[in-house]
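Encoded as structure tokens, the structure appears first; notes follow it.
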Amino acid sequence: MEKPKIQFGDSFICQSIHKINSRGFWCGDDPLAYSLPLFLLQLFIMYIFTRFIYTILKPFGQPSFISHILGGVTLGPSVLSHNSAFSDKVFPSKAKNVLDTIAFFGFLLFVFQLGVKVDPTIIYRSPKRAFSIGILAFFVPFTLSSMAVFFLRQFASLDHDFSRMLSIVVQIQCITAIPVISGFLSELQILNSEIGRLAISSSFVCDICYWFIVTIKYGTYLTSTKSVGVTIGSGISSCLLFLFIMYVVHPAALWAIQHTAEGKPVQEIYIFGALLTLLFCGFMGEAIGLNAIVVAFLVGLAIPDGPPLGAALVDKLDCFASVVLLPILYIIGGLRTDVYAIQKMKNLGSILLIVCVSFCGKIVGALLPLLFCRMPFRDALSLGLIMNCKGNIELALLINWKLLNALSDECFTIMVITLVVTTALVTPIVKALYDPSMRFLAYKRRTLLHHRNDEELRIMACIHKQDNVLAILNLLTASNPTEASCIDLVVLHLVKLVGQASSVLVSHMPRERPSKHASQSEKIFNVFSKFEEAFRGKLTVHCYKGISPYATMHNDVCYLALEKRTTFIILPFHKQWIIGETTESTFAFKQLNKNVLEKAPCSVGVLIDRGNQKKFWCGYMKESIYQVAVFFFGGTDDREALAYARRMSEQPNVHVTLFHFSSIADIVGGTERSKMLDTQVLSDFRLNAFRNNRVSYKDEMVMNGKDVISVIECMESSYDLVMVGRRHANSQLMAELKKWKQGELGIVGEILVSLSTGAKTSILVVQQQTRYWGSCDPDEITPLRRVDI
């Protein structure tokens, strides 16, 4: 066969295609000869254009969907493929059928993993307002846009064929696909915010409404065009397939989960069985007249989300389906998007009218129940805009209708453009309107310094894994829970979101019967339950589990702290030690701590555990002594640490030593008011030291940074816990120490961590509440009165 000649420029792409053709990888007359090199080249071109567009749009905060679809449009007849030579060489017409098949298979896997990520039981946990939002956000725009279509058909003199397509436009505009909303919220990093959780629940209800309408239309179509026997047979076959998924696939998935030990990888046979079941159900769905994509989503829903099986399936499929095969969907969408096909302004105006009516209707449908529930208008408007977001689900539906010739080239192109424009406009508006951290502003001081001795002390302990538990238990025991001033403890187990579409923050409900295969969360919570029993009447424990992405995990911490009116948050340090040696450092935990320190509605302590803790909480009744040292340089955070030490000093088995660092010059900067407060709390603590033989006071005169380092190094392993404030105002001494070490723990905190102060010594870096409604300077609202220190 004669090889085609290059009829366009000598670009890199053209030369590559010429090499592929000259080697016989592509035979133009045989669509089955679609070669791997040509396929890889198409993906490579798509990747180059997508990354280029994404780089341009990233400063504007646009989601990745925009760059993907624009990359596909760039390759299509609207831009590059408008040149017939480029189109024939890079995207031969006979190869498009093969490309469509690969895209269909890729989207099948993609939708299946989306179904795996979605938890169908979310519908039962959704608040009542989520139901009202989901129902109104679908039926209000559906009703308004349907009325707009009616009037257009009556008065606009539209073509008959184009008029029939407007019903598809209405359907696309009324969809609020939960996978699209989940991805959008994740990219905006508000997935586990209040609005994010409400949007997930509402979109799920909205999807149910959409499929209810589709089912009615499908049933109506069957009864009007097919015989009674065919209609009944189709209905029975569909019910049997649904029953098979519900009562065979779902129990089989549960059985596989029960036979997989926690922390162990899922057996490959289970993964293979799930994929085989997917292909079988998809084939059966097509055989009885159901779309295989819909069946794939239902099969995914039947498999429980999250670890072990759901997370393993998502991990196996995510890269192949999302990175390799899904871009083909954008390619074939772009190849069918031709801006030159838009010829009639009347058609363009009609579709834009329906889009605008539906857009406003969806906002109104979401606003009404939220304003009735007295949600702030900005938050309600943000949710209404989020519900209007479009993505790859809507694009796939458009492509499917285009392949069925239900949409013309003109209508398809206009709809693709509206998808891009709508999402592109919504993104920056939502970012400007909604900031979840603004909700974390407390209306009163929630600090240890302002806490009264006769009040209940509310503490939140964040846990990543079991290794964090012992150090926190020792710290809580030293915190002196008593009947007069009991501790209300909230334990939050933070888990990374894997294989799930929506974040979760739920209260732990203990099992009626203990399980031999307890999860990691249950093991952690069981330890704290025993801790509660040991301090019965003095301490109460509330256990929560938060599953969310690392990037937004701080929202769970801050939200729960605000909800529970917490005074002090304990965070594990991002580095872990075993017998004094660093074993691992997790950047995600480091970023989490940084975000919590910035946005917490109360005081925060970062606990550094060196991995050689003695079980003080178990032996405190047997005269076990817990030695605590406090470093005081000056400032709000040091005063907060000293207030915590004051409470510890009342514990009979805790000995507290205060190291007051002083110098000829100012050891730390700050206002005169701050220095007066420092003098006051030190005087009160020194007076308390005379009354309590378990409290010691040491005045350390230092001249420079080296003297401070020497004092720290001389401590060796004399103390079980060292406490210090995180922030210190600028001074000459702090400037010298800053050259030594600086980081998220503050100057002195970082030095303590870096120096060998003893393998058994834990460190607590304390930061006083920074976010308080109506005040920027915490010293301004700290009264100059006698503080009980």
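The values are calculated or read from the model by the stated rules, or taken from the named source; none is laboratory data. In this text the structure is predicted, and so the values were computed from the model without any measurement. Note that we place each Cβ from the backbone using ideal geometry, even for glycine, and neighbour counts take in every protein chain shown. Heavy atoms of the whole protein, side chains included, go into the accessibility calculation; ligands, DNA and RNA do not. Shrake-Rupley method; radii C 1.70, N 1.55, O 1.52, S 1.80 Å.
If you average the sequence gap of Cα pairs under 8 Å that are 6 or more apart and divide by the length of the chain, what percent do you get for the contact order?
On the way: 1290 pairs, mean separation 104.1, N = 789.
That works out to 13 percent.
State, as an integer percentage, the relative contact order of segment 30-434 based on alpha-carbon contacts under 8 Å between residues 6 or more apart.
Numbers: 500 pairs, mean separation 128.4, N = 405.
RCO, segment 30-434: 32 percent.
For segment 629-688, state which chymotrypsin sites (Phe, Trp or Tyr not before Pro) are in a DSSP loop and have at most 16 other beta carbons lying within 10 Å of their beta carbon. Spell out each step's value before the answer.
Values: sites: Phe631, Phe632, Phe633, Tyr644, Phe659, Phe661, Phe685; in loops: Phe633.
Within segment 629-688, no chymotrypsin sites (Phe, Trp or Tyr not before Pro) qualify (loop, at most 16 other Cβ atoms within 10 Å).
Looking only at Cα atoms, what is the convex hull volume of segment 223-362 per residue, in Å³? Mind dumping the intermediate values first?
Working: hull volume 27.1 nm³, N = 140.
Output value, Cα hull per residue: 193 Å³.
For segment 586-612 and segment 188-202, what is the separation of their Cα centres, given in Å?
Segment 586-612 and segment 188-202 have Cα centres separated by 24 Å.
Using DSSP, restrict attention to beta bridges with both residues in the chain and report what percent are antiparallel, rounded to the nearest 5.
Values: 14 of 63 bridges.
Counting DSSP beta bridges with both partners in the chain, the antiparallel share is about 20 percent.
Measuring from the lowest to the highest alpha carbon on each principal axis, how far does segment 265-336 reach, largest first, in angstroms?
Computed over segment 265-336, the largest-to-smallest principal extents equal 42, 31, 18 Å.
Where the centre of each part is set by its Cα atoms, how far does segment 234-306 sit from segment 639-718, in angstrom?
64 Å
Restricting to Cα atoms and excluding each atom paired with itself, what does the Kirkwood estimate give for segment 30-434 in Å?
22.4 Å
Just need log10 I(q)/I(0) for segment 317-395 at q = 0.21 Å⁻¹, Debye formula, equal scatterers on the alpha-carbon atoms, no solvent, rounded to two decimals.
Per q value, in the given order, log10 I(q)/I(0) is -0.95.
Once every DSSP H run of n ≥ 4 in the chain is given -39500 (n - 2.57) and the sum is divided by its residues, what mean residue ellipticity at 222 nm do you get, rounded to the nearest 500 deg cm²/dmol? Intermediate values should be presented prior to the final figure.
Details: 30 runs with 428 residues, N = 789.
My calculation for the chain gives -17500 deg cm²/dmol from helical runs alone.
For segment 443-601, with every protein chain kept in place, what is the accessible area per residue (1.4 Å probe, Å²)?
Details: 7010 Å² over 159 residues.
Result: 44 Å² of accessible area for each residue.
Kindly write out, for segment 293-298 in residue order, the coupling ³J(HN,Hα) from the Karplus curve 6.51 cos²θ - 1.76 cosθ + 1.60 (θ = phi - 60°), rounded to whole Hz, with x marking Gly and Pro.
Ordered by residue, 3J(HN,Hα) equals 5, 5, 5, 4, 5, 5 Hz.
Distance cut-off 22 Å, Cα to Cα: go down the list Lys316/Lys590; Lys599/Lys738; Lys316/Lys496; Lys96/Lys402; Lys117/Lys390 and report the pairs above it.
Working: Lys316/Lys590 28 Å; Lys599/Lys738 24 Å; Lys316/Lys496 17 Å; Lys96/Lys402 14 Å; Lys117/Lys390 19 Å.
Table pairs above 22 Å Cα-Cα are Lys316/Lys590; Lys599/Lys738.
Enumerate the calculated ³J(HN,Hα) couplings along segment 382-394 in order (Karplus 6.51 cos²θ - 1.76 cosθ + 1.60, θ = phi - 60°), each rounded to whole Hz, writing x wherever the residue is Gly or Pro.
4, 5, x, 5, 4, 5, 8, 5, 10, x, 5, 5, 5
Inverting the mean 1/r over all pairs of different Cα atoms, compute the Kirkwood radius of the chain and quote it in Å.
Details: mean 1/r = 0.0332 Å⁻¹.
This gives a value of 30.1 Å.
How are the C-alpha pair distances of segment 107-222 spread across 5 Å bins, as whole percents from the shortest bin up?
It works out to 2, 11, 17, 19, 18, 14, 9, 6, 4, 1, in whole percents.
Can you give me the long-range amide H partners of Lys390? Hydrogens built in the peptide plane at 1.01 Å from N, cutoff under 5 Å, separation of 5 or more residues or another chain.
Amide H neighbours of Lys390: Thr423.
Would you work out what percent of the accessible area of the chain, with all protein chains in place, is carbon or sulfur (probe 1.4 Å)? The partial results should precede the final answer.
On the way: 21270 of 35410 Å².
Within the chain, the accessible surface is 60 percent carbon and sulfur.
Are there any chymotrypsin sites (Phe, Trp or Tyr not before Pro) in segment 382-465 that are in a DSSP loop and have at most 14 other Cβ atoms within 10 Å? List them by number. Let's see the in-between values first.
Numbers: sites: Trp401, Phe412, Tyr434, Phe440, Tyr443; in loops: Tyr434, Tyr443.
Passing both the DSSP loop test and the Cβ count: Tyr443.
If you count only protein heavy atoms with a 1.4 Å probe, what accessible area per residue comes out for segment 30-434, rounded to a whole Å²?
Values: 17890 Å² over 405 residues.
I get 44 Å² per residue for this part.
Please identify every one of the chymotrypsin sites (Phe, Trp or Tyr not before Pro) in segment 165-233 that sits in a loop by DSSP and has no more than 11 other beta carbons within 10 Å of its own beta carbon. Write out the running numbers ahead of the final one.
Details: sites: Phe184, Phe204, Tyr210, Trp211, Phe212, Tyr218, Tyr221; in loops: none.
Qualifying residues, ordered by number: none.
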